[in-house]
Amino acid sequence: MSKHALLIAILAGSFMQAQFSVTVEAPASFNAKEAVLYTLNGSKDIIVSRELKKNMGWSFKVPQRYVGMMKIYFPETNASFSMISENKDISLKLESVGNKVNVIYKDPVNMLMEKVQDQQKKKDLIYPALVQIKDYYRPGSDFGKALDKEIQEIGRSYMVDASSNPFVSFYNTNYNKFLVEKSPENTPAQTEIADFISNSGEMLESSSLLRPLLVNFLNSAGSANVDASVDALLKRLNVETPRGQTVMSELIDIFDVYGMPALKDKYLTQAKNLKCTINDRLASTIKANNNVEMGAIFPDYKFARVSNTASKNLHSVKADKKVIVFWSSTCSHCEAELPKLLEKYNAMKAQNIEVVGFSLDTDRSVYDSKVTALPWINDSELRGWNSTYTETYNIHATPTYFIVDAQNRIIAKPDHVSDVLQFLKLK
């Protein structure tokens, strides 16, 4: 083999090797077999790899450089654990404690991050209470001295060397600067938040800070100036860049979550009209919204554990109209609205109208007990917000309703059960 060919072979082999590995040890009592590893882009989890359990654990190989938040999700148990990557090997161990499973981080980077986050939790939750009770104790007393010492310890800033741990430093510094509640005079101004979003490097998208930063940006704009502030931010970021498109995607989702349809439609329309290359993050937002536009064919779904029907998928359910509702046993609004739908169910069946409920539950026993009282078609993946249909159908809240015709074309998107009944003329 020539030297040139040998060099090519060595380089090719190096690209095939993983940048770093993620290993997870698990006790015998942890029943999951499959595990899914995710990275993060804005607020969206991105699948890196799926692995099956081998020798009491899982081992993932990450082929590309990655610095930021990561997550491992176990579909069979609906458990998930977060960690961070600084492009170095990650190691953690799951430990059974009664009916719970705790995570023990074994690599230095995640051990440090755990300390930093523990300090932050104490500062957020315990520090204000200690400061409030301080005046009730004499400063010179043993308890007063101990209280002062604890206040100083919890209130101190945890310093992280950015050269040794760049992501931990980035996350810790900017969480404390932008997301910790401060007095009005110390709250970051909108221009300061915009500067940070504009000038930050690649760790912003992988840090989980982007969405809460944008929420704070919108809150600082005031209700009368949201359009102008968002327009200025997107112009500054340039929506033809990956950063600009990711921010646009996040904003569209935020407006959807917070019930601001006019703003959502404005920026979704802008996104659809872009003539440049669209990044994956914005493309997924456009696709999810296209799936549930008025007049669109409601995407089909293969049932997972369906009840009250012999149909194998949504489109094979035959009816003149179908009311599709996304709900959860833990949703108080669902608890109030579903009984009203139940009252009219016989009248709906008489008009060949079927109800199909998709649950975002995670507890099988709770779900099973609930659906015994619901005579319509019910299905659930028992994965909560990790269910595949949340993204397919752009679901951000429960209950969410759709009404489709016999051809599965969306003919209504009611906000409440009263709107459903009014549309069907059953009120």
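The values are calculated or read from the model by the stated rules, or taken from the named source; none is laboratory data. All values reported here derive from a predicted model rather than from experimental measurement. We place every Cβ from the backbone using ideal geometry, glycine too, and count neighbours over all the protein chains shown. To get the accessible areas, we keep the full protein, side chains included, count just its heavy atoms, and leave off ligands, DNA and RNA. Shrake-Rupley method; radii C 1.70, N 1.55, O 1.52, S 1.80 Å.
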Practice task
Go through SER284, SER329 for me and flag whichever is touching a Lys or Arg at 6+ places or on another chain (Cβ under 6 Å) and on the phi < 0 side of the Ramachandran plot.
Solution key: SER329
Fill in the blank from the handout: Cβ pairs under 6 Å, 6+ apart or interchain, first in the stretch 186-200 and farther than 15 Å from ASP231 by Cβ and in a helix (DSSP H, G or I), second open to solvent by less than 30 Å² (accessible area, probe 1.4 Å) and of a type in the set (Phe, Trp, Tyr), ordered by first then second residue, are ILE193/PHE217
Problem - Failed criterion for ARG281 (all others in (1) basic (Lys, Arg); (2) open to solvent by 30 Å² or more (accessible area, probe 1.4 Å); (3) under 28 Å from GLN190 (Cα atoms) hold) - result: (2)
Completion exercise
Checked the stretch 74-102 for anything among the aromatic types (Phe, Trp, Tyr) and under 13 Å from VAL22 (Cα atoms); matches are PHE81
Exercise for the section: Answer yes or no: is there a residue in the stretch 232-240 that is outside any helix (DSSP H, G or I) and acidic (Asp, Glu). Expected result: yes
Practice task
Tell me, please, whether a residue that is modelled with pLDDT of 95 or more, open to solvent by 20 Å² or more (accessible area, probe 1.4 Å) and not charged (D, E, K, R) can be found in the stretch 240-256.
Solution key: yes
Practice task
Having 1 or more residues that are within 18 Å of VAL168 (Cα to Cα) is the bar; report the strands (runs of 3 or more DSSP E) wholly within the stretch 26-87 that clear it.
Solution key: 34-41, 67-74, 79-86
Exercise for the section: State whether one or more residues within the stretch 38-45 are free of Cβ contacts under 8 Å to residues at least 24 places away in the same chain, open to solvent by less than 60 Å² (accessible area, probe 1.4 Å) and not hydrophobic (A, V, I, L, M, F, W, C). Expected result: no
Fill in the blank from the handout: Residue hits (the stretch 207-237; among the aliphatic types (A, V, I, L, M) and over 30 Å from SER82 (Cβ atoms)) are ALA221, ALA224, VAL226, ALA228, ALA232
Problem - Near pairs, Cβ below 7 angstrom, 6+ apart or cross-chain, from the stretch 368-388 (without any contact (Cβ under 8 Å) to a residue 60 or more places away in the chain) to any residue that is charged (D, E, K, R) - result: SER387/GLU381; THR388/GLU381
Exercise for the section: Could you give me the residue pairs with C-beta distances under 8 Å whose first residue belongs to the stretch 334-355 and is closer than 17 Å to LYS318 by Cα, whose second residue is at pLDDT 95 or above and loosely packed, with under 14 Cβ neighbours inside 10 Å wherever it lies, and which are 6+ apart or on separate chains? Expected result: GLN351/ASP320; ASN352/ASP320; ILE353/ASP320
Exercise for the section: Output the residues belonging to the stretch 54-85 that are open to solvent by 60 Å² or more (accessible area, probe 1.4 Å) and basic (Lys, Arg). Expected result: LYS54, LYS61, ARG65
Practice task
Please list, ordered by first then second residue, the pairs with beta carbon atoms under 7 Å, 6 or more apart or interchain, first in the stretch 202-226 and touching a residue at least 60 places away in the same chain (Cβ under 8 Å), second of a type in the set (Asp, Glu).
Solution key: LEU210/GLU250; ARG211/GLU250
Completion exercise
Flagged in the stretch 257-277 as in a loop (DSSP other than H, G, I, E, B) and loosely packed, with under 13 Cβ neighbours inside 10 Å, in numbering order, are GLY259, ASN273, LYS275, CYS276, THR277
